[in-house]
Amino acid sequence: MLPSWTTKIISEPATEPITLAQVKLHSRISHADDDSWLTMAIIVARQYVEKTCELSLITQTRRTTFAGFHKPWLTLAYGPTVSISEIQYYDQTNAAQTLTDYQAALESNPCLIVPAAGMPWPSTMPNRIDAVKVTYVAGYGDAEAVPAALKQAILLLVDFWYSNRSAVDMGSPGPIPFGVDALINLFASGNYR
């Protein structure tokens, strides 16, 4: 069965929620030998947290694609949603159209989009898996606005990977330390909505 929606990043975040200096202080690293590795690990840890929680930490542009207007509302994961840039759909003749009559609850997380008051959703091209595309800006803003628990999870995760350079640490209960999972679960999909 095909997923009801897919999402991708159109414009990556300009910065990361934590800095290299913060990671080095947290992990008590005083040399520069591993700076490039740590910088990459920060990005991967942020991506892991975003994927696990279905959140955007730093401001970024995303596009979510739906098979059509099959529900009374569209739900935008990977919030918090700041603004909606465009809603494009393919009508029954397969011509691209821009939807302008809609309401969006930007303050809810996830963001909900419904037709304008008293209006139905437009008809879309049948059997087209990308019939509706919503482009939007999401994220908490800059690093200062990212919840402390999520920044701490990134620090713990980078530190764990730095200390354990293999896929699994045989001395721990699993590939991700419990502390990271506990912090992420505060914001995981379903818990923050």
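Estimate the FRET efficiency between SER108 and HIS26 by the formula 1/(1 + (r/R0)^6), using the beta-carbon distance for r and 41 Å for R0, to the nearest 0.05. Could you put the intermediate results ahead of the total?
Details: r = 33 Å, r/R0 = 0.81.
Once rounded, the FRET efficiency stands at 0.80.
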*Along its principal axes, what span do the Cα atoms of the chain show, with the longest given first and each in whole Å?*
61, 34, 28
*Considering amide H positions built from the backbone, and no H for Pro or chain starts, which residues 5 or more places from TYR102, or on another chain, come under 5 Å of its amide H?*
ALA116
_Could you sort the peptides 81-87, 30-36 by per-residue average Cβ neighbour count (10 Å cutoff), highest mean leading?_
81-87, 30-36
_Portion, in percent, of the accessible area of the chain that falls on carbon or sulfur, probe 1.4 Å_ = 56
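So what is the accessible area of the range 52-93 per residue, in Å², with the probe set to 1.4 Å? Working shown, then result.
Details: 1650 Å² over 42 residues.
Per-residue accessible area for the range 52-93 comes out at 39 Å².
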*Positive end of the charge dipole of the chain (Lys, Arg +1 and Asp, Glu -1 on Cβ, about the Cα centre): tell me which of VAL23, GLY118, TYR162 has its Cα farthest that way.*
GLY118
*Along the charge dipole of the chain, Cβ charges K/R +1 and D/E -1, which of TYR90, ILE42, THR75 sits furthest on the positive end?*
TYR90
*asked:* As I understand it, the value is the acute angle between the Cα axis of helix 35-53 and the longest principal axis of the Cα atoms of the chain; what does it come to in degrees, rounded to 10?
replied: 40
*Along the range 95-101, what does the Karplus equation 6.51 cos²θ - 1.76 cosθ + 1.60 (θ = phi - 60°) give for ³J(HN,Hα), rounded to whole Hz, x for Gly and Pro?*
8, 5, 10, 10, 7, 10, 9
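Under the rule of -39500 (n - 2.57) per DSSP H run of 4 or more residues, summed and divided by the residues of the chain, what mean residue ellipticity at 222 nm is obtained, to the nearest 500 deg cm²/dmol?
-8500 deg cm²/dmol
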_Kirkwood Rh (inverse of mean 1/r, distinct Cα pairs), the range 1-93, angstrom_ = 15.9
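What full-extension length gain, to one decimal in nm, is calculated for THR19 and ASP33 as 0.36 nm per residue of separation minus the Cα-Cα distance?
Values: separation 14, 0.36 × 14 = 5.04 nm, distance 1.63 nm.
Between THR19 and ASP33, full extension yields 3.4 nm more.
Can you say what percent of the DSSP beta bridges in the chain, counting only those with both residues inside, are antiparallel? Round to 5. Before the final figure, lay out each step's value.
Values: 30 of 31 bridges.
Percentage antiparallel, nearest 5: 95.
The values are calculated or read from the model by the stated rules, or taken from the named source; none is laboratory data. From a predicted model like this one, the values you see are computed outputs, not experimental measurements. Heads up, the Cβs are rebuilt from the backbone with ideal geometry, glycines too, and the neighbour counts pull from every protein chain shown. SASA here: full protein model, heavy atoms, side chains in, ligands and nucleic acids out. Shrake-Rupley method; radii C 1.70, N 1.55, O 1.52, S 1.80 Å.
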